[in-house]
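K.L.:
I am attaching a structure below and will ask some questions about it afterwards.
The values are calculated or read from the model by the stated rules, or taken from the named source; none is laboratory data. Remember, it's a predicted structure, so these values are computed and weren't measured experimentally. All Cβ positions, even for glycine, are placed from backbone atoms using ideal geometry, and neighbour counts span all protein chains on display. With ligands, DNA and RNA removed, areas are computed over all heavy atoms of the protein, side chains included. Shrake-Rupley method; radii C 1.70, N 1.55, O 1.52, S 1.80 Å.
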Amino acid sequence: MKKHTTFKVGGNAACVAMPDSVEKRLALIKFLNENKIRCYFLGNGSNVIFSDEGFNGVIIKTSKLNFINIDKKNNTAQAGAGVLMTSFSRMMRENGLGGMEFAYGIPGNIGGGCYMNAGAYGGQISDCVLSVEYIDRQGNVRTVSRRDCDYSYRHSVFMENKWLITSATFQLRPKDKVSMLSYMEDIMQRRVEKQPLDMPSAGSSFKRPRGYYAAALIDECGLKGFSVGGARISTKHAGFIVNTGSASCADIVALADEVRKTVMEKKGVQLEKEMIIVK
Ligand SMILES: Cc1cc2nc3c(=O)[nH]c(=O)nc-3n(C[C@H](O)[C@H](O)[C@H](O)COP(=O)(O)OP(=O)(O)OC[C@H]3O[C@@H](n4cnc5c(N)ncnc54)[C@H](O)[C@@H]3O)c2cc1C
């Protein structure tokens with residue numbers, strides 16, 4: 001799974017499927033359910049790490065659900081789950097539609113973003129979602145409105161249900177293309193300056209605890225540069241665990257546990273992992 005995730009760790013999966021049509025997706029999900037075969041839905045793999053032992057089941061990747069339909073009259077756009085958030089954000093700007101600028105630079109796709117309620121620089125995907133289309137466990141295609149997505153900070157209804165998100169529709173608003181471009185270039189520049197983008201990672205390893213910043217807490221505990229095996233707390237941004245080249249999933253988990261323990265002992269704050277570890 002190191003080939004399919006941005007952290008570049010993890011053993012083999014039994015199978016990786018990339019269905020490219022609705023019929024194939026429905027048939028696959030029905031088949032897996034009927035035969036009680038384990039499966040895992042994967043977007044761009046930018047917030048997930050797989051165990052070193054791999055995954056004994058089928059990974060369903062959404063990368064081939066890659067379409068965007070824009071309705072200029074209503075300022076809405078529907079994007080397939082496999083569309084990268086950065087590409088979607090760029091395309092909305094090119095069409096003078098504002099709302100998704102915050103997502104420029106988040107390396108996940110629309111499905112993963114809707115699942116995680118991805119956000120940055122004061123925006124989050126739930127600000128723009130109108131509805132999300134998914135396939136339920138029985139293989140039925142359903143749509144859920146934003147109100148029923150149960151969105152909050154890095155949380156959605158999809159975390160409690162094994163539903164495959166296939167697309168999402170967004171409500172946008174007309175906006176000046178030039179001001180959008182300068183804002184998007186600015187936030188991209190901030191990412192390049194502050195984040196260790198030259199090393200494999202899953203972005204921020206911990207959620208923001210209420211009233212604190214995880215990176216500041218980790219830094220204040222003197223943990224910048226602390227490492228276990230090939231996993232290290234980035235010296236550039238203490239909120240990121242990075243793979244220095246030879247990290248295993250076990251190294252990353254051990255390092256994250258050590259960080260949580262130290263921050264609890266020294267600061268009395270409980271950190272919660274943002275990255276998802278699949279065993
Ligand atoms: C350098 C870097 C910077 C980052 N910056 C940010 C940031 O600013 N803000 C932020 O929020 N995140 C950030 N992230 C984390 C990550 O990009 C987001 O969490 C993103 O939303 C994950 O999308 P993905 O497609 O990669 O999902 P994945 O990592 O593939 O999956 C994440 C979860 O979503 C589920 N999932 C994915 N697709 C589907 C689907 N179609 N149906 C059902 N479930 C699905 C998976 O099962 C998994 O549980 C960053 C990561 C990196 C590496």
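K.L.:
Using a Förster distance of 25 angstrom, determine the FRET efficiency expected from the C-beta separation of Ile68 and Met159, and round it to 0.05.
P.N.:
Values: r = 25 Å, r/R0 = 1.01.
The formula returns an efficiency of 0.50 here.
K.L.:
Tell me, what is the FRET efficiency for Asn56 and Met264 to the nearest 0.05, using R0 = 30 angstrom and their Cβ-Cβ distance as r? The partial results should precede the final answer.
P.N.:
On the way: r = 33 Å, r/R0 = 1.11.
About 0.35, to the nearest 0.05.
K.L.:
Sketch the reach of a paramagnetic label on Thr235 as a point 7 Å from Cα along Cα-to-Cβ, and name the residues of region 255-272 whose backbone nitrogen lies under 16 Å away.
P.N.:
none
K.L.:
In a GNM of the chain with a 10 Å cut-off on Cα contacts, which of Gly96, Gly230, Gly222 has the highest mean-square fluctuation?
P.N.:
Largest GNM mean-square fluctuation: Gly222.
K.L.:
So, in nm, how far is label Arg210 from label Lys224 when the simple model puts each one 7 Å beyond its Cα toward the Cβ?
P.N.:
It is 3.0 nm.
K.L.:
I've got another one for you. Using a 1.4 Å probe over the heavy atoms of the protein chains, calculate the carbon and sulfur portion of the accessible area of region 44-143 as a whole percent. Intermediate values should be presented prior to the final figure.
P.N.:
Working: 1580 of 3690 Å².
Roughly 43 percent of what the probe reaches on region 44-143 is carbon or sulfur.
K.L.:
Mind checking the full-extension length gain between Lys194 and Val178? Use 0.36 nm per residue of separation minus the Cα-Cα distance, one decimal, nm. Write out the running numbers ahead of the final one.
P.N.:
Working: separation 16, 0.36 × 16 = 5.76 nm, distance 2.45 nm.
So the extension gain works out to 3.3 nm.
K.L.:
Now, a different point. I'd like the carbon and sulfur percentage of the solvent accessible area for region 197-264, probe radius 1.4 Å, heavy atoms only, ligands and nucleic acids excluded.
P.N.:
Working: 1470 of 3090 Å².
Reported share for carbon and sulfur atoms: 48 percent.
K.L.:
Now a separate question. Hey, if you put +1 on the Cβ of every Lys and Arg and -1 on every Asp and Glu Cβ in the chain, which of Gly112, Val178, Ala27 ends up farthest toward the positive end of that dipole?
P.N.:
So the residue we want is Ala27.
K.L.:
Also, quick follow-up: Need one word for region 1-148: rounded, prolate or oblate. Basis is the Cα gyration tensor (sqrt eigenvalues a ≥ b ≥ c); a/c below 1.5 gives rounded, then a/b vs b/c decides.
P.N.:
Cα axes put region 1-148 in the oblate bin.
K.L.:
Please build a GNM for the chain, connecting alpha carbons under 10 Å apart, and tell me which residue among Asp219, Asp148, Asp251 fluctuates the most.
P.N.:
The residue that fluctuates most here is Asp148.
K.L.:
While we're here: About the Cα centre of region 174-279, what is the dipole size in debye to 20, counting +1 per Lys and Arg Cβ and -1 per Asp and Glu Cβ, all else neutral?
P.N.:
On the way: 17 positive and 13 negative charges, 49 e Å.
For region 174-279, the charge dipole is close to 240 debye.
K.L.:
So which aspartates and glutamates pass the test for Lys267, namely a Cα distance under 17 Å, with those fewer than 8 places away in the same chain ruled out?
P.N.:
Correct list for Lys267: Asp219, Glu220, Asp257, Glu258.
K.L.:
Taking a cut-off of 13 Å between Cα atoms, list the aspartates and glutamates near Lys175, but don't count ones fewer than 8 places away on the same chain.
P.N.:
Hits, sequence-local ones excluded: Glu94, Glu101.
K.L.:
How big is the dipole moment of the chain about its Cα centre under a simple scheme where the beta carbon of each Lys and Arg is +1, that of each Asp and Glu is -1, and everything else is neutral? Debye, nearest 20, please.
P.N.:
Numbers: 38 positive and 27 negative charges, 37 e Å.
Dipole magnitude for the chain comes out near 180 debye.
K.L.:
A follow-up question, please. Can you tell me how much longer the chain between Lys24 and Asp186 gets when fully stretched, taken as 0.36 nm per residue apart minus their C-alpha distance, in nm with one decimal?
P.N.:
Working: separation 162, 0.36 × 162 = 58.32 nm, distance 4.09 nm.
That works out to 54.2 nm of additional length.
K.L.:
For Lys36 and Val16 in one chain, what is 0.36 nm times their gap in residues minus the Cα-Cα distance, to one decimal in nm?
P.N.:
Values: separation 20, 0.36 × 20 = 7.20 nm, distance 1.66 nm.
Full extension of this stretch gives 5.5 nm more.
K.L.:
Per residue, how much accessible area does the chain show when a 1.4 Å probe rolls over the protein heavy atoms, in square angstrom? Walk me through the numbers on the way to the answer.
P.N.:
On the way: 13250 Å² over 279 residues.
In whole numbers, the chain has 48 Å² accessible per residue.
K.L.:
Follow-up question, since we're still on this one. Restricting to DSSP H runs of at least four residues, report the calculated mean residue ellipticity at 222 nm for the chain, -39500 (n - 2.57) per run over all residues, nearest 500 deg cm²/dmol. Present the calculation step by step, with values, prior to reporting the outcome.
P.N.:
Working: 6 runs with 74 residues, N = 279.
Calculated from helices alone, the mean residue ellipticity at 222 nm is -8500 deg cm²/dmol.
K.L.:
Using a 10 angstrom cutoff on alpha carbons, build the Gaussian network for the chain and name the most mobile of Phe170, Phe55, Phe31.
P.N.:
Phe31
K.L.:
Straight-line reach only, C-alpha to C-alpha below 20 angstrom: list the lysines that Lys64 could link to, leaving out same-chain residues fewer than 8 apart.
P.N.:
List returned: Lys2, Lys3, Lys24, Lys30, Lys162.
K.L.:
Also: What shape does the chain have by the C-alpha gyration tensor, where a ≥ b ≥ c are the square roots of the eigenvalues, rounded means a/c under 1.5, and otherwise prolate means a/b greater than b/c and oblate the rest?
P.N.:
Numbers: a/c = 1.89, a/b = 1.18, b/c = 1.60.
Cα axes put the chain in the oblate bin.
K.L.:
Over region 197-264, what lengths in whole Å, largest first, do the semi-axes of the equivalent ellipsoid take, defined as the square roots of 5 times the eigenvalues of the alpha-carbon gyration tensor?
P.N.:
Details: eigenvalues 67, 31, 21 Å².
Equivalent-ellipsoid dimensions as semi-axes: 18, 12, 10 Å.
K.L.:
Right, another one. What shape does region 13-61 take by its C-alpha gyration tensor, where a ≥ b ≥ c are the square roots of the eigenvalues and a/c under 1.5 counts as rounded, a/b above b/c as prolate, and the rest as oblate?
P.N.:
Oblate shape, in that a/c is at least 1.5 and b/c is the bigger or equal ratio.
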